[in-house]
Amino acid sequence: MSNLNAKHRLRERALAVLAAPLAACALLLLPGAALAQASTSLAQASTSLAQASPSLAQASPSQAQAFSYSVELDVPDAYRELLQKHLEIYTARDNPRMNADQLRFLVRRTPDQIRELLATEGYYSPAIDSSLQERQGAWVARFAIVPGDPARVAAVDLELQGAIPDAERATRLAAMRERWPLRPGLVFRQAQWEEAKRSMLQLLLAEQYPAAKIDSSVATVDPQKREVSLKVVLDSGPAFTFGALEIEGLERYPRSIVERLNTIKPGSPYSQAQLLQLQSRLQDSHYFTSALVSTDIDPARPQQVPVKVQLTETQSRKLGFGLGASTNTGARGQIEYQDLNFLDRAWRLSSLLKLETKTQQLSANIQLPRTAEGYVDSLTALTERTDIQQDVTRKYTVGAKRARVTGSIERAYSLQYETENETISGVPSDSSQALVGGYAWTQRKVNNLLYPSDGYLLSAQIGVAAKALLSDQDFVRNYVKATYYRSVGKKGGLILRAEVGATLARSSQGIPSDFLFRAGGDQSVRGYAYQSLGVKSGDAVVGGRYLGVASAEYVHWLNENWGAAVFYDVGNAADSVRDFKLVEGYGAGARWKSPVGLLNLDLAYGREVGKLRVHFSVGIPF
């Protein structure tokens with residue numbers, strides 16, 4: 001009825017508007033009294049029109065805004081969110097033009113929408129009962145839904161056509177059928193159907209056939225039997241092969257940097273993985289701020305497709321300054337210089353002058369570009385003075401290393417020559433030297449390298465020296481470190497850490513301190529000073545041949561960035577197994593996820609010394 005009244009008022013207004021100009025024209029033809037009478041009639045018509053306008057203006061915005069209704073949905077909880085998110089009767093509740101007639105229309109069409117939505121979840125014959133009632137002046141739309149039994153996949157037919165050879169076609173089809181996720185007997189869901197098709201297409205796109213496409217796909221539903229038959233036809237398109245490199249953006253660095261990192265050979269089959277690998281290597285090389293590797297996919301020209309490399313170079317020379325402090329080695333200031341194109345050979349030179357309260361160091365490192373096999377070779381020279389626990393050492397080191405990262409595992413081979421002068425409690429001691437061949441193996445399997453909460457870090461090292469090869473003592477140094485992370489509930493985390501080391505030798509005499517062990521400090525046994533656990537020599541503490549450390553820590557996160565921790569550490573270092581004695585440290589601390597890694601501020605009690613000690617550290621575990 002309200003719609004009819006509105007239409008009637010609108011028609012009256014239209015006639016009045018049209019009558020006004022006609023009346024004005026007629027007035028020009030009317031003389032004297034007739035003109036006056038007509039003017040009076042026109043004024044009355046204008047008044048009537050003005051009186052009609054308010055009733056038209058009342059046609060609904062303000063009244064419609066006051067119109068409201070509620071929806072009751074009787075449906076299994078698994079599908080409630082789906083319906084509430086997509087049904088029009090929910091999304092239209094905030095429409096200011098809504099009224100009772102439009103609500104009735106929505107209630108009539110909602111069952112069809114429910115059927116369409118439930119069909120995406122495999123329900124093709126739901127029972128739906130709908131009603132609309134006015135209760136105490138409030139409208140309530142109610143829908144009772146029984147989804148029934150879902151339709152299940154009855155058969156799957158995969159076909160592969162295109163330029164793919166027959167022998168390869170059979171092999172690929174077998175692999176696709178093996179990996180097809182929506183198998184017979186499973187409930188048919190639209191999202192899984194689309195994902196299954198994409199995954200089959202991706203098998204072709206990733207290797208050799210980047211122009212592949214889905215030629216056709218059909219899901220035939222039998223609502224009576226509640227069965228769905230699936231058929232997918234894939235067109236491989238032509239097989240693609242790689243061509244030569246086309247490099248853009250090189251100005252400072254030689255082309256050889258990219259060529260040495262490239263494992264793609266001209267004429268080899270197209271591989272998406274190889275493109276991504278080259279891009280990742282370029283981004284990790286430190287020479288480029290960005291790297292993009294791509295090819296043109298044109299089915300008309302599939303052979304010898306150029307590999308396009310677009311690069312943005314980083315600045316070759318950098319000078320950096322740093323200030324800091326730690327409870328291990330005290331206040332720190334440092335100057336670092338980098339040249340990524342040293343001697344115009346793309347060698348990476350890093351030199352560092354670091355001055356700390358307990359350690360002073362000057363070092364230089366030259367790193368060569370990564371080879372095509374993924375190896376990174378480097379040369380190092382270092383001089384360092386340390387004054388820790390009344391043990392003053394001066395050492396000079398030169399070395400070479402070859403490292404390679406494969407997945408989560410890093411392997412490194414090294415050769416290091418070191419000489420050391422040691423002064424213990426103010427008394428000069430004999431010098432020592434060693435030429436050590438080493439191997440290090442590290443695996444990082446954590447969910448986040450910067451803030452790990454699940455996974456583990458594992459590192460193992462071995463170093464060998466012999467008197468016959470520039471060493472004062474025969475020895476074999478072994479060291480293993482492991483850290484395990486485990487989430488506990490929604491806000492808790494457990495960290496378990498262990499270190500074990502043994503330098504196998506007749507004695508520690510003639511072995512530089514870098515190849516012996518001491519414990520204590522922020523990343524060791526908290527509650528004790530840095531490297532204060534070891535072998536007593538007068539008033540000093542020196543390194544021993546054996547190390548053992550274990551730690552358990554629980555962190556409770558108060559919010560996204562801040563947490564509180566409790567911990568228990570135990571360990572020591574000694575020169576013999578017989579003299580090895582565990583000491584304990586325990587306490588509590590605060591944790592903050594800083595931009596450079598996890599910051600730890602701990603207050604620990606060293607049971608052996610009977611003192612409290614503050615420990616501060618920040619950064620990636622290792």
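Please work out if ARG591 is more than 17 Å from GLY501 (Cα to Cα), open to solvent by less than 50 Å² (accessible area, probe 1.4 Å) and touching a strand residue (DSSP E or B) at 6+ places or on another chain (Cβ under 9 Å). Yes; evaluated as a whole, the condition is true for this residue.
Please state which of the following conditions ALA78 fails to meet, knowing it meets all the rest: (1) part of a loop (DSSP other than H, G, I, E, B); (2) open to solvent by 20 Å² or more (accessible area, probe 1.4 Å). Here ALA78 clears every test but (1). Applying the condition of being open to solvent by 30 Å² or more (accessible area, probe 1.4 Å) and among the small types (Gly, Ala, Ser) to region 366-398 and asking which residue is farthest from GLY538 (Cα to Cα) yields ALA372.
Residue pairs whose Cβ atoms lie under 9 Å apart, sitting 6 or more positions apart in sequence or on different chains, and linking a residue in region 344-362 that is without any contact (Cβ under 8 Å) to a residue 60 or more places away in the chain to a partner that is among the aromatic types (Phe, Trp, Tyr), are LEU349/TYR337; LEU349/PHE342; SER350/TYR337; SER351/TYR337; LEU352/TYR337; LEU353/TYR337.
Matching residues to (1) surrounded by fewer than 16 Cβ atoms within 10 Å (Cβ to Cβ); (2) more than 25 Å from ILE511 (Cα to Cα):
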residue	(1), (2)
GLY324	yes, yes
THR327	no, yes
ALA331	yes, yes
LEU349	no, yes
THR359	no, no
ALA400	yes, no
VAL405	no, yes
SER414	no, no
THR423	yes, no
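Quick check on VAL525: is it β-branched (Val, Ile, Thr), farther than 14 Å from VAL500 by Cα, in contact (Cβ under 8 Å) with a residue 40 or more places away in the chain and open to solvent by less than 20 Å² (accessible area, probe 1.4 Å)? Criteria not met by VAL525.
One line per residue, one yes/no per condition, for (1) surrounded by fewer than 16 Cβ atoms within 10 Å (Cβ to Cβ); (2) free of Cβ contacts under 8 Å to residues at least 60 places away in the same chain; (3) out of contact with any helix residue (DSSP H, G or I) (no Cβ under 9 Å at 6 or more places or on another chain); (4) among the small types (Gly, Ala, Ser):
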site: ALA540; (1), (2), (3), (4): no, no, yes, yes
site: LEU547; (1), (2), (3), (4): no, no, yes, no
site: GLU553; (1), (2), (3), (4): no, yes, yes, no
site: ALA564; (1), (2), (3), (4): yes, yes, yes, yes
site: ASP569; (1), (2), (3), (4): no, yes, yes, no
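Which number in (1) assigned to a loop (DSSP other than H, G, I, E, B); (2) within 20 Å of VAL221 (Cβ to Cβ); (3) open to solvent by less than 70 Å² (accessible area, probe 1.4 Å) marks the one condition that PHE67 misses? Every listed condition holds for PHE67 apart from (2). For region 325-341, indicate whether the set of residues that are in a loop (DSSP other than H, G, I, E, B) and within 31 Å of the chain's Cα centre (by Cα) is non-empty. So far as region 325-341 goes, no, none of its residues is in a loop (DSSP other than H, G, I, E, B) and within 31 Å of the chain's Cα centre (by Cα). Within region 475-498, if we keep just the residues that are open to solvent by less than 20 Å² (accessible area, probe 1.4 Å) and of a type outside the set (Gly, Ala, Ser), the residue that is nearest to PHE580 (Cα to Cα) turns out to be PHE475.
Is at least one residue of region 299-306 more than 24 Å from the chain's Cα centre (by Cα) and assigned to a strand (DSSP E or B)? Yes; the residues of region 299-306 include at least one that is more than 24 Å from the chain's Cα centre (by Cα) and assigned to a strand (DSSP E or B).
Tell me whether region 282-289 contains one or more residues that are open to solvent by 40 Å² or more (accessible area, probe 1.4 Å) and either touching a Leu at 6+ places or on another chain (Cβ under 7 Å) or hydroxyl-bearing (Ser, Thr, Tyr) (or both).
Step one: filter region 282-289 for residues open to solvent by 40 Å² or more (accessible area, probe 1.4 Å), giving 283-284, 286, 289.
Keeping just the survivors that are either touching a Leu at 6+ places or on another chain (Cβ under 7 Å) or hydroxyl-bearing (Ser, Thr, Tyr) (or both) gives 286, 289.
Yes, region 282-289 contains at least one residue that is open to solvent by 40 Å² or more (accessible area, probe 1.4 Å) and either touching a Leu at 6+ places or on another chain (Cβ under 7 Å) or hydroxyl-bearing (Ser, Thr, Tyr) (or both).
For the subset of region 260-281 comprising residues that are open to solvent by 20 Å² or more (accessible area, probe 1.4 Å), in a helix (DSSP H, G or I) and in contact (Cβ under 8 Å) with a residue 60 or more places away in the chain, which member is nearest to GLN208 (Cα to Cα)? Among them, the one singled out is GLN272.
Applying the set (1) over 33 Å from the mean Cα position of the chain (by Cα); (2) in contact (Cβ under 8 Å) with a residue 24 or more places away in the chain; (3) buried (at least 17 other Cβ atoms within 10 Å of the Cβ) to GLY520 leaves exactly one unmet item: (2).
Here the condition is being open to solvent by 60 Å² or more (accessible area, probe 1.4 Å), among the aliphatic types (A, V, I, L, M) and within 18 Å of VAL500 (Cβ to Cβ); of LEU612, LEU558, LEU603, LEU582, it holds for LEU582 alone.
Got at least one residue in region 501-509 being surrounded by fewer than 16 Cβ atoms within 10 Å (Cβ to Cβ), among the hydrophobic types (A, V, I, L, M, F, W, C), part of a strand (DSSP E or B) and more than 36 Å from the chain's Cα centre (by Cα)? Don't jump to the end; show me each part of the working.
In the first step, residues of region 501-509 are kept if they are surrounded by fewer than 16 Cβ atoms within 10 Å (Cβ to Cβ); the result is 504, 506-507, 509.
Next, from what is left, pick out any that are among the hydrophobic types (A, V, I, L, M, F, W, C): 504.
From what is left, the residues that are part of a strand (DSSP E or B) are 504.
Applying the additional criterion that residues be more than 36 Å from the chain's Cα centre (by Cα) yields 504.
Yes, the conditions are met somewhere in region 501-509.
Can you pull out every residue in region 110-132 that is assigned to a helix (DSSP H, G or I) and either of a type in the set (A, V, I, L, M) or farther than 13 Å from LEU87 by Cβ (or both)?
Matches in region 110-132: ILE114, LEU117, LEU118, ALA119.
Would a scan of region 383-395 turn up a residue that is in a strand (DSSP E or B), in contact with a Leu (Cβ under 7 Å, 6 or more places away or on another chain) and more than 30 Å from TYR270 (Cα to Cα)?
The answer is yes; a qualifying residue exists.
A Cβ distance below 7 Å, combined with a sequence gap of six or more or placement on separate chains, defines the contacts here; from region 383-409, residues that are over 14 Å from ALA434 (Cα atoms) and at pLDDT 90 or above reach residues that are among the hydrophobic types (A, V, I, L, M, F, W, C) and open to solvent by 80 Å² or more (accessible area, probe 1.4 Å) in the pairs THR383/LEU362; ALA400/LEU379; ALA400/LEU415. When the residues of region 436-458 are filtered to those that are open to solvent by less than 40 Å² (accessible area, probe 1.4 Å) and in contact with an Asp or Glu (Cβ under 9 Å, 6 or more places away or on another chain), the one that is nearest to SER537 (Cα to Cα) is VAL436. Note on region 81-103: residues that are aliphatic (A, V, I, L, M), over 43 Å from the mean Cα position of the chain (by Cα) and part of a loop (DSSP other than H, G, I, E, B) amount to 1.
Which residue out of THR295, THR329 is within 30 Å of GLN360 (Cβ to Cβ) and of a type outside the set (Phe, Trp, Tyr)?
Values: THR295 fails: within 30 Å of GLN360 (Cβ to Cβ).
Of THR295, THR329, the one residue that is within 30 Å of GLN360 (Cβ to Cβ) and of a type outside the set (Phe, Trp, Tyr) is THR329.
For region 303-322, a residue qualifies if it is open to solvent by less than 30 Å² (accessible area, probe 1.4 Å) and not small (Gly, Ala, Ser), and the qualifying residues are VAL305, VAL307, VAL309, LEU311, GLU313, THR314. So in region 91-113, with the set limited to residues that are touching a Phe, Trp or Tyr at 6+ places or on another chain (Cβ under 9 Å) and more than 20 Å from GLY137 (Cα to Cα), which one is least open to solvent (accessible area, probe 1.4 Å)? Only one residue tops the list, namely THR110.
Starting from region 96-114, keep only residues that are among the basic types (Lys, Arg), then list their pairs with residues that are open to solvent by less than 50 Å² (accessible area, probe 1.4 Å) whose Cβ atoms are within a distance under 6 Å, requiring at least 6 positions of separation or different chains. Every condition considered, the pairs that remain are ARG97/ALA64.
The values are calculated or read from the model by the stated rules, or taken from the named source; none is laboratory data. Keep in mind that this is a model prediction, so the values were computed, not measured. Quick reminder, even Gly has a Cβ in these numbers, built from the backbone with ideal geometry, and neighbours come from all protein chains shown. What goes into the accessible areas is simple: the full protein's heavy atoms, side chains included, and nothing from ligands, DNA or RNA. Shrake-Rupley method; radii C 1.70, N 1.55, O 1.52, S 1.80 Å.
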